[in-house]
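Have a look at the structure below, then the notes.
The numbers here are math on the coordinates, done by the rules we state, and not lab data. Source: prediction; values computed, not measured. Heads up, the Cβs are rebuilt from the backbone with ideal geometry, glycines too, and the neighbour counts pull from every protein chain shown.
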Number of protein chains: 2
Amino acid sequence: MKPTAVNLARELARFDDLWAQRTIAGLNDYQVKLAKVKGEFVWHTHHDTDELFLVIAGRLTIQLRDGDVTLGAGELFVVPRGVEHCPVADEETHILLVEPAGVINTGDAGGPLTKAAEPLG
Amino acid sequence: MKPTAVNLARELARFDDLWAQRTIAGLNDYQVKLAKVKGEFVWHTHHDTDELFLVIAGRLTIQLRDGDVTLGAGELFVVPRGVEHCPVADEETHILLVEPAGVINTGDAGGPLTKAAEPLG
């Protein structure tokens, strides 16, 4: 198969549902995922892994019990494993995530927003 | 310590040397790194890991023995482990890399461009 680049804007244009993660690349046993988010997610913790958030467009606040981190486009933050967090975005915001394959988006919290990461296709 | 965002543009403004990788974040045992590149690197292989390239600004061609992949801003490519590659950029290009900590930039090739990833600071 001819190797091809993954264009983030093009992949983002292929879906509209909020908080659902799309897997766009694999890196060893890690996955690179895209998501569109708006509103408040749910407080949750990933006990086994750090989680990288990179904002592509918009503005994301990652609420933490020790204070909030707000990311604009071109800004990233790694939520350390075991740290409870709750993302929130006032406007529709597009993010790239990197974390090990199989991480559940809602971590230990469960609930209606829980979704497996879907491959784009 | 108050959690803070990592601003890619601000971190890129802090160094000028080409091909030297700066570590800007850790993700479990992975590192997120920035580099400024121009010209041709060296053909090399990472036998133990995939390597993610995301172009932030400019244009990067990753030469592969099976064909080239050219990335503009907002495009990424994962070089699979064991696949020989040689990045080249006609203009100064800014890239973000994600790979396990300790990966040597020149892989199995060695030579004068070999550098350990340096922390920003």
Considering every residue in A:48-57, what mean count of other chain Cβ atoms within 10 Å of its Cβ is obtained?
-> 3
Checked against the positive end of the charge dipole of chain A (+1 on Cβ of Lys and Arg, -1 on Cβ of Asp and Glu, about the Cα centre), the farthest of A:Cys86, A:Leu8, A:Ala109 is A:Leu8
Neighbouring partner chain Cβ atoms per residue of B:27-40, average, 10 Å criterion = 3
Just from its helices, what would the mean residue ellipticity at 222 nm be for the protein assembly as shown, if runs of 4 or more DSSP H residues each count -39500 (n - 2.57) and the sum is divided by every residue, rounded to the nearest 500 deg cm²/dmol?
-> -1000 deg cm²/dmol
Size of electric dipole in chain B: Cβ of Lys, Arg +1 and of Asp, Glu -1, about Cα centre, debye, nearest 20 | 480
If you count, for every residue in A:66-79, the Cβ atoms of partner chains within 10 Å of its Cβ, what is the mean?
-> 5
HN-Hα couplings for segment B:45-54 via Karplus (6.51, -1.76, 1.60; θ = phi - 60°), in whole Hz with x for Gly/Pro, come out as 9, 9, 6, 10, 7, 6, 9, 9, 10, 10
Charge context of A:Gly26, other residues only, Cβ under 15 angstrom, K/R +1, D/E -1 = -4
Taking max minus min of the Cα coordinates of segment B:8-119 on each principal axis, largest first, gives extents in Å of 36, 30, 26
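Around B:Val69, under 10 Å between beta carbons, what's the net of Lys plus Arg minus Asp minus Glu among the other residues?
Within the 10 Å Cβ shell, the charges total -2.
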What percentage of all Cα-Cα pairs in the protein assembly as shown are separated by more than 23 Å?
-> 47
Can you give the net charge of the other residues whose Cβ lies under 15 Å from the Cβ of B:Leu12, counting K and R as +1 and D and E as -1?
-> -1
What are the nm distances, shortest first, from B:Asp29 to its equivalents in the other copies, labels at 7 Å along Cα→Cβ?
-> 0.9
